[in-house]
1. Take residues that are open to solvent by less than 40 Å² (accessible area, probe 1.4 Å), touching a residue at least 40 places away in the same chain (Cβ under 8 Å) and of a type outside the set (A, V, I, L, M) and tell me which of the helices (runs of 4 or more DSSP H) falling wholly in the stretch 239-309 contain 2 or more.
2. If a residue must be assigned to a helix (DSSP H, G or I) and open to solvent by 10 Å² or more (accessible area, probe 1.4 Å), how many such residues does the stretch 156-179 contain?
3. Do you know which residues across the stretch 144-155 are in a helix (DSSP H, G or I) and either in contact (Cβ under 8 Å) with a residue 60 or more places away in the chain or of a type in the set (D, E, K, R) (or both)?
4. Tell me, which residue of the stretch 116-155 that is open to solvent by 70 Å² or more (accessible area, probe 1.4 Å) and of a type in the set (Asp, Glu) is farthest from LEU185 (Cα to Cα)?
5. Cβ-Cβ distance below 7 Å, separation of 6 or more or different chains: which pairs start in the stretch 161-175 with a residue that is touching a residue at least 40 places away in the same chain (Cβ under 8 Å) and end on one that is open to solvent by less than 30 Å² (accessible area, probe 1.4 Å) and outside any helix (DSSP H, G or I)?
6. Can you tell me which residues in the stretch 11-24 are over 14 Å from LEU53 (Cα atoms) and under 36 Å from the mean Cα position of the chain (by Cα)?
7. Would you mind telling me which numbered condition in (1) modelled with pLDDT of 95 or more; (2) of a type in the set (A, V, I, L, M); (3) closer than 30 Å to ARG142 by Cβ ALA43 fails?
8. Filtering the stretch 75-123 down to residues that are at pLDDT below 85 and in contact with a Ser or Thr (Cβ under 6 Å, 6 or more places away or on another chain), which residue is nearest to ASN156 (Cα to Cα)?
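The values are calculated or read from the model by the stated rules, or taken from the named source; none is laboratory data. Treat the numbers as computed from the prediction; the structure is a model and nothing was measured. As a convention, Cβ positions derive from the backbone with ideal geometry for all residues, glycine included, and neighbour counts pool all protein chains shown. Side chains are part of the model used for accessible areas, which takes the heavy atoms of the whole protein and leaves out ligands, DNA and RNA. Shrake-Rupley method; radii C 1.70, N 1.55, O 1.52, S 1.80 Å.
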Amino acid sequence: EHPNGWHRDTAARLLYERQDRSAVPLLEKLLRDSTSPLARMHALYALDGLDALTQTHLLNSMNDRDALVREHAVRLVGDSLRRFHTRKAESTDLKAILNPVLWKKLLEMASDMSVRVRYQLAFTLGESDDASGIKALAEIIRRDADDRWMRAAVLNSSKDGLGEMFERLAGDARFRSSPGGQEFLRQLAGVIGTKNDPTDIRAVLNVLATSADSNFLFPSARGLGDGLHNAGTSLLKVDPEGKLKSLFARAQTTAGDRKVPEKTRIEAVQLLALTSFDEGGEILSSLLGPGQSEAIQLAAVAALAKFSD
């Protein structure tokens, strides 16, 4: 509980080095009764270092009044607890290791008032493939889509159910109309393309083929195409039914329409780079004229450079 950080760190180090189990009840009292959030946080890690950290300790700390303690409790759920308990269990899935009450509390923290708690939670949820964990990640990104670090955290933890997440978020009009939401959907589509799972790709194609919102459609389709390119394939190969034919037609119309906002036109041009010279070459070449803005011309040049023609 010392106000000086060196004293706290040194005390914690000595407790770990000595591995004296008689310290456990004292640390539990500190965790329960101390008025210092820093002391309560240190008590968590000291108990962890003595292999005495329990799910009850974590559950109580996840309900702590201070965000610092809650954040580190969430971190320990996905870190040390998993490491210790998997020594005795075959499963490495977080949900299978946690008791139902603690898992339920973990999911509820997707609406925690502290962004640092939600940020740590995004990483911790990556230790589980459970569908309810995917829903919690979607809830976090709905709230924090404008934060690029949160977008990275959620993408880092998203392994299975990516197509379902894309459908869920793309169906949220408020989310897909926000700049952060559009960027996350583009990045998520890119991850799905790189992973190249047929089920997830089919889910994205269905959304892209049925939505009328160009603001997220063009960048999301481009993200999927870029990801598929990383996987050694392309949009044309994964769309034999031609579900995106109308989307590419819309991109051609949008790219040449001066009444459309420049940002949307550029996104349409970038999407056309994923077609072929036969399909997009004519409209892209027409955008090189002096009547077009420099930004449109540059986008058209970059798109044309993708074609060997």
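1. Working: elements: 245-255, 262-272, 277-286, 294-304.
Those helices (runs of 4 or more DSSP H) span 262-272.
2. Of all residues in the stretch 156-179, those assigned to a helix (DSSP H, G or I) come to 156-157, 162-170, 173-177, 179.
With open to solvent by 10 Å² or more (accessible area, probe 1.4 Å) added as a condition, the list becomes 156, 164, 167-168, 173-174, 176-177, 179.
Here the count works out to 9.
3. First, the residues of the stretch 144-155 that are in a helix (DSSP H, G or I): 144, 148-155.
Matches in the stretch 144-155: ASP144, ARG148, ARG151.
4. ASP129
5. From the stretch 161-175, the pairs are ALA170/SER211.
6. ALA12, ARG13
7. Every listed condition holds for ALA43 apart from (3).
8. GLY78
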